[in-house]
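Taking it in order: structure first as structure tokens, then the write-up.
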Amino acid sequence: MWENNEYRLCFREDSILDFERAMLSSGECSYLLPMLFVSGDSKHVAYYNCNGFVPLSRYRVDRTEDALFILERVLIILSCAIEYLITPAKISLSTDTVFFNAETGDIKIAYVPVQEVPAGSSKNLLRFIAQLKAEVTDGYRDYLDRFAGLVYGNNYHLRELTDRMGLLRRELYLQTSASS
């Protein structure tokens, strides 16, 4: 994990498939942090190229507007990962695996395989929403609750969730600009 400005992962050989390793090490999927895989003595380690990126756990996301932006970017990344043969339900989401570049505002994800892949990625996404919500202090946390309700109570595709997130972001913008 993140230590001394370096992110690395010890993993079981069968938790990352060969074609996933090829894709993740190529850097072709620009939404995920590129990885370098090293194996030896029955030990498997992945090193991530985090150049300019830091895990969200190092930041304080205290505005709902920022949390919704991050969630929207994560949904887009998960949708794009499919195009690179990476199963979104296998990507662990947390403030330790989602990375932020403060200079550019970019978001990337460190591919860390979920230990047990649940049916769909909703539990994983709901845990991530709860982590973000725990930090928000601006009085608009109900938007995160509403989005969590959409994830939990419906069987939306990632693109549909992204569209609904955009609607929530616009609604929040209208509410906050009207009250200022």
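The values are calculated or read from the model by the stated rules, or taken from the named source; none is laboratory data. These figures come from a predicted structure and were not determined experimentally. Cβ atoms come from the backbone with ideal geometry, glycine included; neighbour counts cover every protein chain shown. Only protein heavy atoms, including side chains, enter the accessible area calculation; ligands, DNA and RNA are left aside. Shrake-Rupley method; radii C 1.70, N 1.55, O 1.52, S 1.80 Å.
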Selection status of GLU135, open to solvent by 30 Å² or more (accessible area, probe 1.4 Å) and touching a residue at least 12 places away in the same chain (Cβ under 8 Å): yes
If you go through region 35-44 one residue at a time, do you hit one that is of a type in the set (D, E, K, R), modelled with pLDDT of 95 or more and open to solvent by 50 Å² or more (accessible area, probe 1.4 Å)? no
Among the residues of region 163-177, how many are under 14 Å from ASP66 (Cα atoms) and either open to solvent by less than 70 Å² (accessible area, probe 1.4 Å) or touching a Lys or Arg at 6+ places or on another chain (Cβ under 6 Å) (or both)? 5
Being in contact with a strand residue (DSSP E or B) (Cβ under 7 Å, 6 or more places away or on another chain) and either open to solvent by 20 Å² or more (accessible area, probe 1.4 Å) or not charged (D, E, K, R) (or both): is that true of LEU93 here? no
Scan region 91-116 and report the pairs whose first residue is at positive phi and whose second residue is surrounded by fewer than 24 Cβ atoms within 10 Å (Cβ to Cβ), with Cβ atoms within less than 9 Å and a gap of 6+ or a chain change. GLY105/PHE69
Name, by its number, the condition in (1) within 15 Å of ARG63 (Cβ to Cβ); (2) open to solvent by 40 Å² or more (accessible area, probe 1.4 Å); (3) modelled with pLDDT of 95 or more that does not hold for ASP145. (1)
Test TYR59 against the stated conditions and say whether it is surrounded by fewer than 20 Cβ atoms within 10 Å (Cβ to Cβ) and aromatic (Phe, Trp, Tyr). yes
Selection from region 101-128 of residues that are modelled with pLDDT of 90 or more and either within 10 Å of the chain's Cα centre (by Cα) or under 19 Å from LEU85 (Cα atoms) (or both): ILE107, LYS108, ILE109, ALA110, TYR111, VAL112, PRO113, ASN124, LEU125, PHE128
Pairs where the first residue, in region 46-63, is on the phi > 0 side of the Ramachandran plot and the second is surrounded by fewer than 18 Cβ atoms within 10 Å (Cβ to Cβ), C-beta under 9 Å, 6+ apart: GLY52/ASN101; GLY52/ALA102; GLY52/GLU103; GLY52/THR104; GLY52/ASP106
Please tell me if VAL114 is touching a helix residue (DSSP H, G or I) at 6+ places or on another chain (Cβ under 7 Å), surrounded by 21 or more Cβ atoms within 10 Å (Cβ to Cβ) and of a type in the set (Val, Ile, Thr). no
Quick one: which of GLU65, GLU160, GLU83 is under 29 Å from PHE37 (Cα atoms), more than 16 Å from the chain's Cα centre (by Cα) and either loosely packed, with under 13 Cβ neighbours inside 10 Å or not hydrophobic (A, V, I, L, M, F, W, C) (or both)? GLU83
